[in-house]
Structure formats: C-alpha cells, structure tokens
Number of protein chains: 4
Amino acid sequence: MGNTIGKIFKLTTFGESHGKAIGGIIDGCPAGLKVDFDLIQAQLDKRKPGQSEITTQRKESDTVEFLSGIFEGKTTGTPIGFIIKNEDAKSKDYSHIKEVYRPSHADFTYQEKYGIRDYRGGGRSSARETACRVVAGAVAQQLLQRIGVKIAAYVSAVASMRIKKSYKDLDLSLIDSNIVRCPDTEIANKMIVEIQKIQKDGDTIGGEITALATGVPVGWGEPVFDKLHADLGKVMLSINAVHGFKYGFERIDISSSKGSEVNDIIIDSNGTTKTNFSGGIQGGISNGNDIYCEVAFKPVATLMQKQNTIDAAGNKVEIKGKGRHDACVVPRAVPIVESMMALTLVDHYLRSRVNKI
Amino acid sequence: MGNTIGKIFKLTTFGESHGKAIGGIIDGCPAGLKVDFDLIQAQLDKRKPGQSEITTQRKESDTVEFLSGIFEGKTTGTPIGFIIKNEDAKSKDYSHIKEVYRPSHADFTYQEKYGIRDYRGGGRSSARETACRVVAGAVAQQLLQRIGVKIAAYVSAVASMRIKKSYKDLDLSLIDSNIVRCPDTEIANKMIVEIQKIQKDGDTIGGEITALATGVPVGWGEPVFDKLHADLGKVMLSINAVHGFKYGFERIDISSSKGSEVNDIIIDSNGTTKTNFSGGIQGGISNGNDIYCEVAFKPVATLMQKQNTIDAAGNKVEIKGKGRHDACVVPRAVPIVESMMALTLVDHYLRSRVNKI
Amino acid sequence: MGNTIGKIFKLTTFGESHGKAIGGIIDGCPAGLKVDFDLIQAQLDKRKPGQSEITTQRKESDTVEFLSGIFEGKTTGTPIGFIIKNEDAKSKDYSHIKEVYRPSHADFTYQEKYGIRDYRGGGRSSARETACRVVAGAVAQQLLQRIGVKIAAYVSAVASMRIKKSYKDLDLSLIDSNIVRCPDTEIANKMIVEIQKIQKDGDTIGGEITALATGVPVGWGEPVFDKLHADLGKVMLSINAVHGFKYGFERIDISSSKGSEVNDIIIDSNGTTKTNFSGGIQGGISNGNDIYCEVAFKPVATLMQKQNTIDAAGNKVEIKGKGRHDACVVPRAVPIVESMMALTLVDHYLRSRVNKI
Amino acid sequence: MGNTIGKIFKLTTFGESHGKAIGGIIDGCPAGLKVDFDLIQAQLDKRKPGQSEITTQRKESDTVEFLSGIFEGKTTGTPIGFIIKNEDAKSKDYSHIKEVYRPSHADFTYQEKYGIRDYRGGGRSSARETACRVVAGAVAQQLLQRIGVKIAAYVSAVASMRIKKSYKDLDLSLIDSNIVRCPDTEIANKMIVEIQKIQKDGDTIGGEITALATGVPVGWGEPVFDKLHADLGKVMLSINAVHGFKYGFERIDISSSKGSEVNDIIIDSNGTTKTNFSGGIQGGISNGNDIYCEVAFKPVATLMQKQNTIDAAGNKVEIKGKGRHDACVVPRAVPIVESMMALTLVDHYLRSRVNKI
C-alpha cells in the first residue's frame, strides 16, 4: 500500500534498488499531449547517479522505456506504463548489510513491518524509486507548460551556506550552470567546496531546496483536507531524507510574524498581492501569485565512517559504508522536487476542471 | 472534493461557519470500542471559542450530537454520523465582507474558484470546520489508548518566545494548567502577556505547536508516498493557518546537520535508538521510538486594524475586523493538532494490520 | 468502510433504521447548481413507506434537511450535508429479534462480522438507508437535466407478470399513474392484484425494474475497471434485495445470441446504431444511444408467516414478522434505481471532463 | 482513469494489444507469501490464445516477468510489478480498421472520448489486457488457498446448451478435461460441436460462466456500497463482453420467486443454511456458505462475415474480420472469471481484518 499518488493524475510506482527494473504507471493523463521524450530524459539525467564528482558513482544510464499509453507520439488517455532497468545492480556490495541494520536507515523498520526485506541497496526504501517520479513529473510538467505554468527548483542551502536573496532576485537560468544546482554562483562554489570537504571526511550533510511555480491560475486546491499546500507538503515529505516543509514566508520565521506585517494586500481584481507571504495559496487554493516552498533534507544516512549498530540477532556490531555514496543529496534531488511539485499541480489542475457546473 | 481524510479510518466533514450545523461521518472505525463521550467533549472544550480572555468571544457550546454508528455505548462498525449545531451564528456581523476580499483570507480564492461563496464568517474556509476533526480525533485517540499509544500536543512557541527544553524534560501534565497551553509555565506567562499586548494593538501573532506520540509500535507507515511523516505533514498543513511542518531534528536545524551528528544509533533489538533525530520514523515507518513533530502557524489574518484591499468590483477599499477574534490561534489549536495526529496514527495502525500474511 | 460511492461526485451515507437520523454528505457537486428542493422531496415521496395500500405502513415524513453546501439556493462546491430524522422508529417492535437471526436477513452476518449490531429494524442493513441515496440521486439528476440527460425507471416484472414491450413502445408518462409504477397499465393492474394476493398470504414476491437514460453523450465511462456498465452494475447490486443485473440485450437472452444477430451497426457519424443490443455502451464507454439496464429484486425476506431459524445461542426457534412490511419491494425501489443511475452517470460525466488536454 | 481495482489489494494494469508489452502493479499484497509461479503460468495458459482448435490462433507465449516485490521467492509487501511482452503483435493486420469503426466494438467510443486511439487490435479495449488480471488473480488465489478458500469457474452455457445440474452435483475436476471447460462432459461435447459450426459460419456465439468460492468465512463484504456481491458484480461486468451478472438463485428466476420458497433457513450456529438461494451472501456480507454467481457473455463482436458500418469520415463501408478470432469467448474466459473473483475476495478478506478493535 501507499505506492500511488494523485486523485486524477495518478502515479503508481514499483521497484527495488537492485531488482530487475523499477517502473510505474501513470493513470489519468489526458489524451492528446505530444510527449517530449528529450525533456523527460533530461530530467532523469539531472537525477541520475554518477553525473558529477560530488555524487555517487553508481553507473546507471537511467533510460526510460515507455510500454503503453502513447501512440504516434501522443498520449491516448490510457495508462502510461514505463520501466527503467537496473543495470549496475551490484548486489554483492550489499551482502554485508544483509543481517545488519544501518543507523537512520529503513532496514530495521522494513524488516519488522514485513518480516522480510530485499536488503540489497535498501530495496524499496532506496531513493532509486524517485527516478519513476521524475518520469511522471516530466510528463506532468509538459501538461502544465501548455497552459503557461512553469516550475523550477534549486538548492537554496547546504550546511550553513544559504542563499540570502529572494527567488525573484535570482537568475534561475543559472541553476544548471553548476553541479550543486544553486543559481547564486558565489554561494554555489562555497557549497561545492563544503560538500567535497564533507565527502573527504566520510561524512554527509543536509540541505534545502526551494521550489517555485509561476503562472498558476486562481482556483487550484481543494478544501479542506486536500489544500494545495497540504498536498504539496505531503509529496515533498514523501521524498527520501526530507524532514521539513514550509510554504510562503520567504526567508522569515512563521511563528514570530505579526499579522500586520505578513498579511498580503490584494491590489487588483486578478488577485495580485503587494507582498506574497502566503506563497501563492490562500485557504488551500492558489490565488494567482507565485507558489513557492522550501524543502529541508537531512544528511544522507550512509557514512564512509564506522558506526555502531546491531545486527538481526541483536548483537552490537560496527558498520561502514562501501563504494561511493552521495555526501549531500540536494543537487540530485532538484528534479525530484520539481517532479513532485508538477505532479501535485497537474492533479489539482485537472480537479479544478470539475468545480463548477 | 477534498473533504475526506484517511484510507481506512476515514473522516469526511461538512459545514460552513454560519450554516445550520457542521458535522461529519467517520467511516472505518472498528466495532466494539466503548466510547468515552466526556473525553470527546473535553477535547471540544479545549478548542471552543470563548474559553479564556485570549480567545475569540463567539459563544458556542460546541455540543456534538451522534446520530449513528454507536449502539448501547459501543461502536458498531457502521459509519458514525455526527453534527454540531451553529448557535451563535451572527450573520449580520459579516455583511460588511459580502463584497470585500479580506487580505490573506480565502474570500477571493473561493469566489474565483466556485463563482459563489457563503461569505458569512468565511463559510467553509473558517476554522470552525476543525471542531469536526476534534470529534473524530477524540474517537481515534480512544482506539490508540487501548493499545498504549498516547498523544500530547503543546504550544512551543509564540512570537519570539520559544521553549528551549526537549519534550522529554517537560512536565506535560502542565499543558492545560495555563490558558496558552505551554507546559513551561515561565514561558507560558510571557506568552500570555505577549498575546494580550498584541491583542490590544489590534494585531495578531504566529506560533508553534509540538506534537508527540508515545507507545507507537514499530511498523506503522507505508512506502513510498504514504510515509507516516508525509501523511502527518499533510494533515497538519491542512489545518487553517499552518505554514510549516518539521519532524524529528528537535531544536536543531535540518539543513546544516551532519550525518555523523544526527544518525540514530540502534542500541537494542526493539529498535531503541540512542538519540532520536529521526523523530521515531525511518523510511516512513515508525521505529518504536517517540514520534514528534513541530507545526508552525502564521498569525491570524483578521486584524482589528484598518487594512487596504479590493472589493468584488475591483475598487480599492479599507477593511477592519469587527467583534473579537483570536490574536493568536495556537492555544485553541492544540486539540486540533492532537486530533490530526490521532487520525493519522489510527489510520496507519489499521493499515498495518494487513501487512503480512 | 464501504459507505462511499463515486470518484468525483461522492456520496457517503450514515444511519441506522431506528437511530436518531440517517443522512449523508455529497462531496464533489460542482458549484452553481440551482437546487430544486421540490424535485428532491418528490423523489423521496416515491420511496417513502406508507404511500399506498401495497407498501409497509411505517410512518415517516422523510423530510430532508440540508445543513451545508447550498447558499441562497445554489450549490457552493463545498460538501452538502443532510439529515433525515427517524420519526416512527418503534424500537419495541424489534425486541423480539434481538436474539434471533431472521432467515435471509443480515442479522447473522452483521453480528458475526462486528460482534455487535443495532438489531432494531435491521439497523444499518435496513433499506431505510436508501432514502439518502434518493436525496443525492435527485441532486445528480438535476445536474444531468441541465445537459439534456433524462433518467426514468419503471417496474418491468412482478412475479410472472412481465412487460413484453420495448421501453421505446411504452408511454413512460404513465409510470406514476399506478401504485406499482408499471407504465403498461394493463399489466400494472395484474401486478397489483398479485401483490395484494401475496400480501394476504403473508408471503412476498420478487420483481424487476428497467432503468433508462436518454441524452447521454458519447464518451462517458472509463477503461478498464470503471466501465460505465460495471459501475452501473455495482451500484444497482448495492441496493437491498438486488440479485441480478443485465444491460443491453433487451428482452433477449445473452448467452444464446449470435454475433450476426446482435451486433449494432453504426449508421451515422454521431454513432447512432440501427439496433441497440449494446445498451448504449461499447467498451465500457457510452456511445450516444439510449442506455438501459434491468435490475432483478428478490422477494422481501420478512414474511408474515412462521419460519424456522436459530437464536444467538444456537437454539432452533420460530419467527414471524410483526407489523406490516412490503410484500413486494419494486414499486418503492423505482426512485432508488433512478438515483443510483443518476449518481453513476453524473460521476462519469464529471470524470469525462478531464479526458483530453 | 479507471485502471485500478481493489481498496487494499489493488491491481493497476496498463498496455495495449499491440504495444510493446502489457503489465501491471499489485499494491497491497501482504508480505510473506511464497509465490507458486507455475500456478500463475498455468492460469495464463488457460487464457492464452492458440490453445485449442476453437480459439483464436494469435501466437503469444504469455510469459509473465516479475520485476519487483518478490524476493527469494516470497512477497515482500512492496508493489509487485510485472510485464508480459506482446510477441505476435502483427500490426499490419489492423491497418484496415484504422479508419473504420467495427460494429459493437469500442473503436468509435474510444476515438470520440479521447480524440485519438491506438487502433491496432483494439488497443486498450482489447481483451488482451485481461492477461494482467489473471496474473494478479493467481497471486490472490494463493493467498486465499492459505486460509482454505477455493475458487473454481466453468462454462455453464453456450448458445442454448446449458448445464441443468447444480454445481454441487458436478465433478469440478472435469472442468479442464475438455477444451470448452464444461464439467458436464456430455454437454461439453455438444458445446464444442456448436462452436465449431458457428466458427465455420464466420459467426460468433454467447455463453455463460458459473463461478464458485468455497471456504469463505462469515464476515467478508462491507455495507452499504461495497457489498461483496456488488463488488463481484462490478469486476465481472468489467470483463470484456460481459453483459449480465446474477448471484444466488441457482437455476431459478429471481423476479418470480416467493419469499416462502427462497428464504434460506439457518440451521446451526455456524450460519449453515438449509438452502442457498442467497449465494452465500446476506446483506452484502459472506455468511459462510458457498458463494456462487453466473456471468453472461455476449457473442464476440468480430465476425468473419461482411458487416456494414461507417468510417471516420462518416462514409458507409463494409468490413470483415481478418485472421482467426474466437467464435466463443467463454472457454478462455474461465481463468479470467476466477481471477476477478479471487481479486475481489482477497480484497474483502484484507478489509475484514480491520472490522473489530
């Protein structure tokens, strides 16, 4: 259970890190969309391992193969099935964790929950699953682009390095100009140095991604449980390693704000507001202004250091990561965050089509 | 759409702030639970208006009437229908906002989305709806108590006043000893003074609630989208005025943490961890340790000050709140946060019953 | 669980036969529909007990009270909550079945499933619940009428008396001209005589209702599980006492048909077919022709005769119905069948709005 | 939309008749089931084309490839992804129907609904999709077998040839002893002769399948919309070519039955009934007796005869089937019916686990 997201535009994923393949089914994609396969692959490439010196060196081409739902280049309204084969699934690398529960990993919880687990590379709990989200998210982005909605995400913090500027004052075309995906190039350079230092220590570090959607019309989001930001929060928190979510209140603290300071004054009949502390959403419904949120990632749990833990028999043991892992996950998580935002927005776009008679 | 939460233990709510009644249906509550009606009313009383000098003075007894699903004091497995009548629905108080969009309220978005809205008291967008959540949450809490799960929430920040201690070092029996529901009585007093000052200024202020569940066994939560914390995040963000959610990482920053500092070392075969930065959840599944999270509320949007805005015709107008509103919403939101946590946990408790053959 | 129907236009019902009230929530009704309350009450009146000499004499005004979701006569897009109070809930009438399992009733199955049941009048298993379906169905019918879809149902068989004519050759304005709701008045009279005879014997008899929808455009219904006729079949079978469902193949046997005889030849670009054995649906999707189906009801299980059964302790006992029950359920079931058809069609109408980009 | 079935044990399928592959995802299968792959393949073989002289000669090995969710032979609780490659997808065979709407096929409705369709072999509307249901159904059957539930289906009617005996008086081990899958071998022989005659005429013929489940405990099925038989009805009606569904009332007419004749007298505290007209279900909940139902299939729409129709431009044209098609679909539909019954039962089995505290 729990492997489906969306009410109308639904994504269901399957697959373990070291099984034959991962994949998914998109059900509810409207018919008639001309699919840009290059855009999908480009998003996958931003997520894939081995893309730069600061990411894990697992070798995966991450080529998606579409099996259904697209005919002569267009969506047909029927479910879009797709798979991505696992090529560099070095299962032997993981035999050492077969009987050991890695700290702050899901080994113990999966084992206890199910009584069995595919321990290879974390199995289902591996972030490898997110490649499927990127495929579906890239399809969703194309639907959104047709109606003028654009999505962008970027790294806004790594360790104590944090972008000070508003998203409005950044040149977002620079996001992919550096390997850490931070559009403030000065800070980007510092982040890269920091990640490399952490990596050399065999340690890992957290970070934050800011996501932005422009061009969203008024009226997306549903009262009362499926508020647009509640659904955004859920999907972001469903990404591996995410521990925090905040929307609106850019660079200011929520709890200590005063109403007189953060109320957004409406200045025209399009709903344009003077400020945008609301993050483009009021009462759970988009208000026509930019939608933005911040997603906080904890440091990767796999360390290249010795750590204490227990094994399946309850014995105290030491463990140390093998191979090369990401020291900081946020650069590769940018397309994932974009995808989750796109999936949520497209679902609410379709839901908004049935609001009125 | 969007008025139902839960997959097995489902709550659907209805009702506007100034309609005849609000209410809901709980579907999926297991049969055989002896219902403690006093506990339900006690939770409603913590949420209800007019309970202290720092809350709105609307008069509502908030008495819940159960219409079905309970027989001779026990749940029967059939849907539990309930209503709460709106008694002090002074619709005339709201005629002045019929044609005006209040800043940072949902007036504009509802009107644009639906082409019609019940403007009285915010209609469906009013936090009055949360009374229904408290009813269902109190039923959920009783199911959880049977198996040893306890839930508590408290105000951990108002304005710049913030509890410094860990939840472990607080005496939670003091939560209801003061009107701001902060178990650190020294800080509580400061919070009250601050809220009264803000109130006198006709302004409002944000705050934060910390929620805690103890006794949750290993194995609740589903990969990959319905991770326990993702569902918790969604329900918390669905509460009126909530803008931020964080789980684990108590009193420390997520983004700047190092793996070597925050990895939770497992120390016994029950999964007990030395530290609990994970917030009791790993890979989206409860790991047997305490589950805790922080929920950040923006300041109430209704001010007792003049604000600029536009009316339905697009003219610039001034608006000022009438009557008495909450200057800070967190004291009354404590039972709501508890309820949302209980609803999420009970749903995953029931879902966990079908994990294994 | 199981008390909700629909994917977009959703109805959730609650209530037991002899509880305080029954009711429901319609979530997903588009905003802006001017509600005709008289039409709703008229449908309820067709279903209500005591309407003629051939129905049960329970006294219920069956007045629906709307609590939310309608403002100044129009739907607002928020959930429509409603209740119908149980007025003539004579619980004492049912004390004799507290410990006895009536044959072919749900007493035994509810007791075993839940370990507890509201035995009064069958509790949740009573057909009284269907009044809530009629309320929602009447709202759905109004949405459909706006776009030219009309629904009608009539009694096509009671005992061995069966309408021989096609629905096309009947004057459907005569349906309500007689108390059995059969538009072939000659056969209607025979049916009434038969029901009265059965009633005098303390026995009961089965029957059949034919349902018809005209004006449904091409394109409603979803592959592959939510085929329009599959959803119609489910909702019809969910009505108390229904045991059979057939769509298309009017008055002819399905199994013994030849393709050359029953294939529907398309004769114009609107999809009009020469014959309509398909019942207006091909591949689960409406094809623009009339949609029709037949719904078969078993005889009411409560007899005014002595029957053998067992009690809760396993002892063999005799039981005999008290008061006056329906000897044949189909006359009162006509508005229920219409409602279930309307609910299904309106849900697929809304779903069809998101089929294409 | 509409490509998922089940609430807990969920199957989502994808794939077109002549795409690269068909496949599906089973989400919600409990962990720990040892999978018998031979049983799955055996069920697929009963459904696959080219198995006998009375079926279509399309060549498909119909080999299922599992991609996830099974580890070292056991289910892990994570989603089970699988594909079946389309091997004999002779797309050229279908170029003649690119612009033509075949009578009583879904060509016209898909084209109108979506504005585009994969016309090759009927695309998504092809019964080829049901192979995925058989895979999932065979997994479901294994879960049911563990707790003593057995499922069997057989052909009970073809043309006017109909089994007269009750399922209780048949030797079900003979079902697969003949190519028509009718356990009454005398009637089976007549059916085969009839089908061959029909086939020679280039015509097609309808039929009926009876499905049976033994060993189902009391308590499966949910009030009020998800009654066990309502869900069974839906899934059966979702199978290509099914037009009718009936449960209980074996070999007798529903509408003309009297209560005194068909009420099932309970004779012991296990709920055993003297007769079983209820078909093992009362009030939508299993009562511990055998569950059985009848599923009526229309004749295959593709004829090896000339038929009139229109093309996409609205011109009248003639069409005639090419290649070899099934003259009667029921022999190959037996494993499909079994699978749909298993999927429904296993879903309600899991749902029944959360009925009580």
Of all residues in the range C:269-288, how many are at the interface with another protein chain (Cβ under 7 Å from one of its Cβ atoms) and either open to solvent by 10 Å² or more (accessible area, probe 1.4 Å) or assigned to a loop (DSSP other than H, G, I, E, B) (or both)? 5
Residue within the range B:90-97 that is modelled with pLDDT under 95 and within 14 Å of chain A (Cβ to nearest Cβ) present: yes
Looking only at the range B:289-311, and only at residues there that are over 30 Å from B:SER104 (Cα atoms) and in a loop (DSSP other than H, G, I, E, B), the one that is least open to solvent (accessible area, probe 1.4 Å): B:ASN289
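Could you grab me the full set of residues in the range A:115-125 that are facing chain B (nearest Cβ under 7 Å) and either touching a Phe, Trp or Tyr at 6+ places or on another chain (Cβ under 8 Å) or open to solvent by less than 10 Å² (accessible area, probe 1.4 Å) (or both)?
Of the residues in the range A:115-125, the ones facing chain B (nearest Cβ under 7 Å) are A:115, A:124-125.
The answer is A:ARG124, A:SER125.
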It is to be established whether one or more residues within the range B:335-353 are at pLDDT 95 or above, assigned to a loop (DSSP other than H, G, I, E, B), of a type outside the set (S, T, N, Q) and out of contact with any Lys or Arg (no Cβ under 6 Å at 6 or more places or on another chain). no
For the range A:3-14: of the residues being part of a loop (DSSP other than H, G, I, E, B) and open to solvent by less than 10 Å² (accessible area, probe 1.4 Å), which is farthest from the other protein chains (Cβ to nearest Cβ)? A:PHE9
For the range D:1-27, which positions are within 21 Å of D:ALA230 (Cα to Cα) and not polar (S, T, N, Q)? D:MET1, D:GLY2, D:ILE5, D:GLY6, D:LYS7, D:ILE8, D:PHE9, D:LYS10, D:LEU11
Would a scan of the range C:189-200 turn up a residue that is assigned to a loop (DSSP other than H, G, I, E, B), in contact with a strand residue (DSSP E or B) (Cβ under 6 Å, 6 or more places away or on another chain), open to solvent by less than 60 Å² (accessible area, probe 1.4 Å) and closer than 21 Å to C:LEU303 by Cα? no
Kindly indicate whether C:LEU303 is in contact (Cβ under 8 Å) with a residue 60 or more places away in the chain and either within 10 Å of chain D (Cβ to nearest Cβ) or among the acidic types (Asp, Glu) (or both). yes
Taking the range B:129-155 and the residues there that are open to solvent by 10 Å² or more (accessible area, probe 1.4 Å) and in contact with an Asp or Glu (Cβ under 8 Å, 6 or more places away or on another chain), the one that is nearest to the other protein chains (Cβ to nearest Cβ) would be B:GLN142
Going by the conditions given, is C:GLY244 closer than 30 Å to C:LYS320 by Cβ, modelled with pLDDT of 95 or more and surrounded by 24 or more Cβ atoms within 10 Å (Cβ to Cβ)? yes
What is the one condition in (1) part of a loop (DSSP other than H, G, I, E, B); (2) touching a His at 6+ places or on another chain (Cβ under 8 Å); (3) under 23 Å from B:THR109 (Cβ atoms) that B:HIS325 does not satisfy? (2)
Residues C:LYS227, C:LYS190: which one is touching a residue at least 12 places away in the same chain (Cβ under 8 Å) and either more than 8 Å from chain D (Cβ to nearest Cβ) or on the phi > 0 side of the Ramachandran plot (or both)? C:LYS190
Among the numbered criteria (1) open to solvent by 10 Å² or more (accessible area, probe 1.4 Å); (2) within 16 Å of D:GLY233 (Cβ to Cβ); (3) more than 7 Å from chain D (Cβ to nearest Cβ), which single criterion is violated by C:LYS234? (3)
Exactly one condition in (1) more than 7 Å from chain B (Cβ to nearest Cβ); (2) without any contact (Cβ under 8 Å) to a residue 12 or more places away in the chain is false for A:THR210; which is it? (2)
Just checking, does the range B:221-231 include any residue being modelled with pLDDT of 95 or more, touching an Asp or Glu at 6+ places or on another chain (Cβ under 8 Å) and farther than 23 Å from B:SER352 by Cβ? no
For the range A:15-55, which residues satisfy the criterion of being within 14 Å of another protein chain (Cβ to nearest Cβ), outside any strand (DSSP E or B) and either under 18 Å from the mean Cα position of the chain (by Cα) or not basic (Lys, Arg) (or both)? A:GLY15, A:GLU16, A:SER17, A:HIS18, A:GLY19, A:GLY28, A:CYS29, A:PRO30, A:GLY32, A:LEU33, A:VAL35, A:ASP36
Since D:GLY19 meets every condition but one in (1) in contact (Cβ under 8 Å) with a residue 60 or more places away in the chain; (2) in contact with a strand residue (DSSP E or B) (Cβ under 7 Å, 6 or more places away or on another chain), which condition does it not meet? (2)
Go through (1) in contact with a strand residue (DSSP E or B) (Cβ under 6 Å, 6 or more places away or on another chain); (2) in contact (Cβ under 8 Å) with a residue 40 or more places away in the chain; (3) among the acidic types (Asp, Glu) one by one and return the number of the condition B:GLU53 breaks. (1)
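Got at least one residue in the range B:175-185 being within 14 Å of chain A (Cβ to nearest Cβ), buried (at least 21 other Cβ atoms within 10 Å of the Cβ), within 23 Å of B:TYR247 (Cα to Cα) and without any contact (Cβ under 8 Å) to a residue 60 or more places away in the chain?
Yes, there is a match, as at least one residue in the range B:175-185 is within 14 Å of chain A (Cβ to nearest Cβ), buried (at least 21 other Cβ atoms within 10 Å of the Cβ), within 23 Å of B:TYR247 (Cα to Cα) and without any contact (Cβ under 8 Å) to a residue 60 or more places away in the chain.
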Scanning the range C:320-331 for residues that are among the β-branched types (Val, Ile, Thr) and either within 10 Å of another protein chain (Cβ to nearest Cβ) or open to solvent by less than 20 Å² (accessible area, probe 1.4 Å) (or both) gives C:VAL330
Based on what the data block shows, is A:VAL218 open to solvent by 10 Å² or more (accessible area, probe 1.4 Å), within 7 Å of chain B (Cβ to nearest Cβ) and either over 21 Å from B:ARG124 (Cβ atoms) or touching a Gly at 6+ places or on another chain (Cβ under 7 Å) (or both)? yes
Given D:PHE82, D:PHE108, which one is closer than 30 Å to C:ASP264 by Cα and at pLDDT 95 or above? D:PHE108
Scanning the range B:56-76 for residues that are open to solvent by less than 40 Å² (accessible area, probe 1.4 Å) and away from chain C (no Cβ under 14 Å), which turns out farthest from C:GLY123 (Cα to Cα)? B:THR56
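The values are calculated or read from the model by the stated rules, or taken from the named source; none is laboratory data. For clarity, every value in this text was computed on a predicted model and none was experimentally measured. Note that we place each Cβ from the backbone using ideal geometry, even for glycine, and neighbour counts take in every protein chain shown. Quick note on the areas: whole protein, heavy atoms, side chains included, nothing else; ligands and nucleic acids left out. Shrake-Rupley method; radii C 1.70, N 1.55, O 1.52, S 1.80 Å.
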